[in-house]
Amino acid sequence: MAEEEKPNLTLILVVIALLVIAWLIWTGYIVYVFALIIIAVVGYVVIKTYGAKEEEQPVSPQPTPSPPPTVIKEREIIKEVVMIPCQYCRSLMPQTSTFCPNCGAKRKA
């Protein structure tokens, strides 16, 4: 929704002053016209100087962005182990082992 616009106080006072001046001229009170013009000018200056000012919203300092969290990545090392058959029982054993895990025989080189 659009915000309601506030009426401009200066414009309202100027319109009222012009209407009063026109009425004074029409009724023949020309002397009062000069006094009213002076009062209107002084009123305008006072309103512009000390008039209601819009409250300024206090500017809060922007929070400093925190550094990104430290992420520790663990490296997973995958070794490919070649399986070879045992010469005695023919079960598969890792190439790096010295003895067969099935029969316990020593691997021949």
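The numbers here are math on the coordinates, done by the rules we state, and not lab data. Computed from a predicted model, the values in this text were never measured in an experiment. A quick note on method: Cβ atoms are made from the backbone with ideal geometry, for glycine too, and the neighbour counts reach across all protein chains shown.
At Ser91 and Thr64, where each label point lies 7 Å from the Cα along Cα→Cβ, what is the point-to-point distance in nanometres?
6.4 nm
Once phi is turned into θ = phi - 60°, what whole-Hz ³J(HN,Hα) does the Karplus curve with 6.51, -1.76 and 1.60 give for every residue of segment 74-91, x standing for Gly and Pro?
8, 8, 9, 9, 9, 9, 8, 9, 7, 9, 10, x, 5, 6, 9, 9, 6, 7
Count charges around Pro94 for me, please; just the other residues with Cβ under 11 Å from its Cβ, Lys/Arg as +1, Asp/Glu as -1.
+1
Using only the Cα atoms of segment 9-50, what do you get for the radius of gyration and for Dmax, in Å?
Answer for segment 9-50, Rg first and Dmax second: 10.8, 34 Å.
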